1. In debye, nearest 20: dipole of the chain around its Cα centre with unit charges on the Cβ of K, R (+) and D, E (-)?
2. Rank these for me by crowding, H287, H158, H7, going from fewest to most other beta carbons within 10 Å.
3. Scan around L442 for amide H atoms under 5 Å from its own, H built in the peptide plane at 1.01 Å from N, and keep only partners 5 or more places away or cross-chain.
4. Explain nothing, just compute: Karplus ³J(HN,Hα) = 6.51 cos²θ - 1.76 cosθ + 1.60, θ = phi - 60°, for every residue of the stretch 142-155 in order, whole Hz, x for Gly and Pro.
5. May I ask for the angle, rounded to the nearest 10°, between helix 221-232 and the longest principal axis of the chain, with both axes built from Cα atoms and the value confined to 0 to 90°?
6. Within 10 Å, count the other beta carbons around each residue, average over each peptide in 300-306, 93-99, 63-69, and list them highest first.
7. Given N residues in the stretch 1-91, what is Rg(Cα) / (2.2 N^0.38 Å)?
8. In whole Hz, with x marking every Gly and Pro, tabulate ³J(HN,Hα) for the stretch 3-15 from phi via Karplus 6.51 cos²θ - 1.76 cosθ + 1.60, θ = phi - 60°.
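Only the coordinates and a few stated rules stand behind these numbers; no lab work does. Remember, predicted model here, so these are calculated numbers, not experimental data. Positions of Cβ are generated from backbone atoms using ideal geometry, with glycine treated the same way; all protein chains shown enter the neighbour counts.
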Amino acid sequence: MAEYQLHLKDKRIVWGKAIDVESLIGIYPQDSIRPGENAVLDWKLPDGIYRAKEVVIELDKLLEAILVQLGEPINGNPSVLLDSLQANLAISGDVSSLPLGPLALKDKAGVELTAQAARIGEQLVFWAREINSEKRALAQYGRETLGELEFRSHCYGHTLIPEAIAQVLGPVGGPRVMQLYNEYLHQFVLLRDALLPFANWEQVPFEVKEHTQFKGLRFLEPARKVFLTQLIGKELTHKAIVQYAQSVLSSGLNSAGYGFQYPLGTVLPAGLGESAGSAARYLLKWHPVQTIQVGEPQDTVAVSFEYEYDDYYAAPRNEAGAGISGSKDHLQFSGEHSDFPSIARLVPNTGLDRTTVLFSLEREGHAFTVDLGQLFRGHRFSYRPKGENHSNGAKVNRTAISLHQVTDILSHTGLVTNTDDGIHFIPTGGNELVQWALLGRLYPENVVLLEKGNEEELELAFRSGKGFGTQFLVL
């Protein structure tokens, strides 16, 4: 198949072999409603490859069975039960299953995942309402079959809104209906939480295998518990997010780097293919590409992508050099950035016992390469001029200004820094591939990403970062 291409405005990032997973979605060997123990009708997610919406379709069968057993339309009101689902998936409120809103997490990972939880919850509820209005399960099974659905839901703690309590536990409800609705809510909560790491969560394909001791997505509960404990405890690292994503996608991987390949594609930090100045720092993104191929095209192996330098602090460092002397009033420089191509390549290195990936830009027959993992690390640690000034808010007294060519910086090995307290300005002419490459080469301490380079932004930039030491401005 063709190389996979990721577009960044007028630029491209290419690598691996594009794969087609569409033909795998929604092909299941069994029905989700079928006889269980003692010939009682049960609900299970059958073996297969799912995306989020396919799970919602299967979960609607539970809701339709509940409504039939409540005597819809006289006693069973889908709006009430769906409103209670919405309240459970909200990030605030008395019945929220993940009240991130009141926690007001300030760490960068917490901020991104809080917004992510809200987005996913809202869309899942929208799908749930839409699919239920179509009454697919009723047409497929009929009232008699849905009325026989019954199982024990081993879950405690999901709170309902008062109207839902009155309906589910009222005169026409009872324990049997409550068990079905409890499972319905819990599976939605598991689905929402499983997709938290992924910026393009609607597209992510994942495999479900039936377990005798787990129903539906319950196999995710152990990993979810660890992940949410770290998130709420404000101890969530990027590595922990990658580890959780690997568990969700059943990669079989034990070690975690900054990304990974699994049988249905490749997962990398979400910034790839986005503008560095505005890209998410902690979320991940799924790509339909086979990055590492072993054997036949269908033999996609699970691989963890590791950093070239496990500890960037111990990585070899090189001085950026004097550059060309300038001043704060004239931070302009005619660089050679326009000569760089509009294509970057990701080049895997599977040598020895670990897999790393290079981000490569070619100019005049010479390839400038940086470690892809260090590129993402540099992005996570970078600063923006707006709202990220250091604690005392005072302008740092940096007097020396140096202007640098992009190739002078990228030609170094290891990580580039300087021992002075000056400002090192590196213009890229708006070439975002070059900006990303620089993030993989500069020591990730006082690197500030600029978007405009005007006086106001520069004044904020001078006060950004740690407030001491060398500062690199990348425009």
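1. Working: 43 positive and 57 negative charges, 137 e Å.
Using only the charged Cβ atoms, the result is roughly 660 debye.
2. On the way: H287 23, H158 19, H7 10.
By the 10 Å Cβ count, ascending: H7, H158, H287.
3. So L442 has HN proximity to V416.
4. x, 5, 4, 5, 4, x, 9, 5, 7, 6, 8, 9, 8, 7
5. Approximately 50 degrees, to the nearest 10.
6. The packing order, highest mean first, is 63-69, 300-306, 93-99.
7. Values: Rg = 20.2 Å, N = 91, 2.2 N^0.38 = 12.2 Å.
Cα-based Rg divided by the globular estimate yields 1.65.
8. For the stretch 3-15, the Karplus curve yields 5, 7, 10, 10, 9, 10, 6, 8, 10, 9, 10, 10, 5 Hz.
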